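The values are calculated or read from the model by the stated rules, or taken from the named source; none is laboratory data. Predicted model, so just to flag it, every value in this text is computed and none were measured. Here the Cβ is made from the backbone with ideal geometry for all residues, glycine too, and neighbour counts use every protein chain on show. Ligands, DNA and RNA are excluded from the accessible area calculation, which covers all protein heavy atoms including side chains. Shrake-Rupley method; radii C 1.70, N 1.55, O 1.52, S 1.80 Å.
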Amino acid sequence: MAIPRPRFDPSPCHATTDVDPLRIEDGTNVTWTPIITCPADFPPELFELAVSQLIHHPEYNSTLILRSEVIEDTVVGFPDLVPALQHLQPVRNIHRRLLPRRPTRDSGLEQHCTLYAPSHISDPEFLHPNALVLTPVLPSDGVLPYYHPTVTHLAFRFVPSTSSRPAVLRIEAVPLPGTSLDPGARLYRTCLSLLETLHRYGWGTLTQYKKRVAHDVVIPRETYQDLYLIMRERHKHIVNDWREVTDPLKHVFEDIGIATFLMLLWKDTYGPETIPSSPAGTTDTPMSPDEPPWRQWPRPPGGFADLGCGNGLLTHILTSEGYAGYGIDLRARTSWAHYPPATQSRLVVRALDPTTVVSATPAERPHHYRDGDDDDDNDDVGGGGGDARAQTTMLLPAGSFLIGNHADELTPWVPLLATRVRASGYLSIPCCAWALDARFDRARDVPLCAVDTEALNLGGGGSAGAGEGTGSSYALYRVWLASLSMHCGWAIEVEMLRIPSTRNWAIVGRNRVGSLEVASHNVEELIEGVHKRGQFKTRRPEGKAGDH
């Protein structure tokens with residue numbers, strides 16, 4: 001049984017406390033002001049581990065901070081900015097750079113994070129830090145970014161217990177002139193939040209808390225965030241031009257995040273032979289200085305297919321950034337008519353029957369994928385004429401990358417289609433829980449094979465095999481989808497996407513395991529079972545496309 005975390009019980013520091021504030025050793029006229037304190041519910045030996053989270057992840061306490069980057073980590077030769085404190089000795093200094101989430105509004109800031117231990121202890125075995133001091137490197141104009149409190153030093157202390165009081169955590173500061181110290185002022189509120197975070201980290205360290213899932217396991221956080229900031233600036237204007245009734249702040253930035261992830265995933269997955277030819281017809285033509293670097297990044301050899309593309313925004317972003325592919329849905333949305341012609345030509349109204357889709361041979365692929373030409377004149381996959389099954393096959397050529405972003409009924413079909421059409425990979429972001437021909441039922445739809453949820457980062461803890469599994473229905477649905485993907489011959493990776501959605505689990509298949517022959521046989525058996533049950537019905541396209 002888990003031990004409940006002690007209640008966080010903060011209180012303002014008072015002048016009558018028996019804990020002396022920090023003092024500078026050289027006698028300079030620097031006054032440390034105690035701000036806030038709370039009981040310490042973990043031993044001092046764990047203080048360094050607890051504050052390390054504050055050092056390396058400042059974004060957890062401020063939405064205005066993107067992340068921190070370590071410039072230098074030293075244990076000797078500390079810079080002059082590091083204060084010399086009475087009764088304490090510096091034992092480690094981490095020089096970091098704080099990166100703002102919005103560089104156009106806030107500037108970055110360098111900061112020294114210095115750990116101190118009691119000066120009377122010399123044995124390294126017992127030299128446990130009990131104080132952390134954050135010292136900003138003031139910009140030339142002397143103005144700190146808004147996300148940083150108006151202080152020259154901010155200290156976190158672990159004050160050991162005495163015969164008259166228990167051990168406490170405490171925050172002290174050296175405020176800049178004019179900084180309000182009232183309990184309702186911004187400095188106090190900031191310190192309250194930081195102290196609560198330290199209290200939580202300390203207890204988590206004591207109880208060996210382990211996060212249920214890991215982030216940034218497929219694409220490194222820094223790589224993703226750096227490109228996302230660029231993509232956000234390029235496409236944030238769509239918020240003001242939103243044509244749907246849904247929330248633009250959610251949908252626009254969510255699809256920008258997914259597009260960013262896909263671009264980096266493709267860059268990491270495919271080889272240089274997939275890079276489009278230059279306008280001159282050669283691959284060695286120098287790239288224009290104004291050309292985004294991703295124009296020369298690897299990409300799916302068969303383009304992408306966004307299944308159930310909805311408002312078409314993800315397709316629009318990828319198309320506008322130079323990636324070939326199609327968005328497919330049962331009906332056109334209001335937004336479609338307002339996208340540029342290049343995007344409109346890539347949005348197709350089509351009812352997919354996944355039980356009949358087969359692989360297109362290289363000769364049957366749309367010319368857009370064969371030669372890299374961006375001229376759409378010969379593409380008839382989006383037109384109303386011709387055989388619907390053949391046109392659907394053209395939309396999903398061999399080598400394509402399938403996207404199922406909250407694709408509802410199509411979600412479980414994504415790995416089957418990826419195997420059947422010989423796709424080069426897929427991304428599935430499940431939302432509503434569907435099995436192949438009915439709503440997902442946790443009692444009926446058990447995993448097709450054993451799934452190690454912890455190793456695959458699926459959340460929920462433990463492993464699940466056929467007939468096993470506890471947790472929420474959505475957690476079990478993820479496990480079932482993972483087993484389905486593995487049954488179809490895919491080695492899966494799972495990522496918690498950094499997007500504004502509670503349904504941000506992404507299942508990625510980009511490598512095959514086992515025999516393709518066996519995987520194809522498994523897919524055909526699943527489809528045969530769907531036919532035998534007779535419950536699956538292909539939905540008709542809506543609007544004028546449904547009349548064809």
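To the nearest 20 debye, what charge dipole does the chain have about its Cα centre, counting +1 at the Cβ of each Lys and Arg and -1 at the Cβ of each Asp and Glu?
Working: 51 positive and 65 negative charges, 289 e Å.
So the dipole magnitude of the chain works out to roughly 1380 debye.
Looking at segment 203-250, which chymotrypsin sites (Phe, Trp or Tyr not before Pro) are DSSP coil and have at most 14 other C-beta atoms within 10 Å of their C-beta?
Y209
Roughly how many nanometres apart are two label points built 7 Å out from the Cα toward the Cβ at A450 and A84?
Inter-label distance under the simple model: 6.3 nm.
Between 0 and 90 degrees, rounded to the nearest ten: what's the tilt of helix 186-206 against the longest Cα principal axis of the chain?
With rounding to tens, the tilt is 80 degrees.
With viscosity set to 1.002 mPa s and temperature to 20 °C, compute the Stokes-Einstein D of segment 183-258, Rh being the Kirkwood radius across alpha carbon pairs; µm²/s, no decimals.
132 µm²/s
Taking a ≥ b ≥ c as the square roots of the Cα gyration tensor eigenvalues, with a/c under 1.5 meaning rounded and otherwise prolate when a/b beats b/c, else oblate, which class fits segment 6-50?
Verdict is oblate for segment 6-50.
Work from the charge dipole of segment 95-235 (Cβ charges, +1 for Lys and Arg, -1 for Asp and Glu, about the Cα centre) and give the residue of M231, G184, A131 farthest towards its positive end.
Sorting the options by dipole projection puts first M231.
Just to confirm the number: angle between the C-alpha axis of helix 221-235 and the first principal axis of the chain, 0 to 90 degrees, nearest 10?
70 degrees
Which order do Y426, Y188 take by accessible area at a 1.4 Å probe, largest first?
The ordering from most to least exposed comes out as Y188, Y426.
Give the label of the value calculated from the structure for Kirkwood radius over Cα pairs in Å, choosing from [x] 26.9; [y] 25.1; [z] 29.0.
Given [x] 26.9; [y] 25.1; [z] 29.0, the structure-derived one carries the label [x].
Return one whole number: the accessible area per residue of the chain in Å², for a 1.4 Å probe.
It amounts to 47 Å² per residue over the chain.
Could you give the size of the charge dipole of segment 31-143 about its Cα centre, using +1 on the Cβ of each K and R and -1 on the Cβ of each D and E, expressed in debye and rounded to the nearest 20?
With Lys and Arg at +1 and Asp and Glu at -1, about 480 debye.
Using only Cα atoms, find the angle between the long axis of helix 248-269 and the longest principal axis of the chain, and express it within 0 to 90 degrees, rounded to the nearest 10.
80 degrees
May I ask for the longest run of the chain untouched by trypsin sites (Lys or Arg not before Pro) that are loop-located per DSSP and have at most 11 neighbouring C-beta atoms (other than their own) within 10 Å?
Free of exposed loop sites, the longest segment is 212-443.
With no solvent and one equal point scatterer per Cα, compute the Debye intensity ratio I(q)/I(0) for segment 25-147 at 0.12 Å⁻¹ and report its log10, rounded to two decimals.
Treating every Cα as an identical point scatterer, log10 I(q)/I(0) equals -0.52.
Does segment 416-463 classify as rounded, prolate or oblate by the C-alpha gyration tensor (a ≥ b ≥ c root eigenvalues; a/c under 1.5 gives rounded; else a/b over b/c gives prolate, otherwise oblate)?
Cα axes put segment 416-463 in the oblate bin.
Of P43, Y146, V174, which is farthest along the charge dipole of segment 21-177 in the positive direction, counting Lys and Arg as +1 and Asp and Glu as -1 at C-beta?
Y146
What does the convex hull of the alpha-carbon atoms of segment 76-143 project to on average, in nm²?
5.9 nm²
What relative contact order, as a whole-number percentage, does the chain give when Cα pairs under 8 Å and 6 or more residues apart are counted? Each step should come with its number before you reach the end.
Numbers: 985 pairs, mean separation 54.8, N = 548.
So the answer I get is 10 percent.
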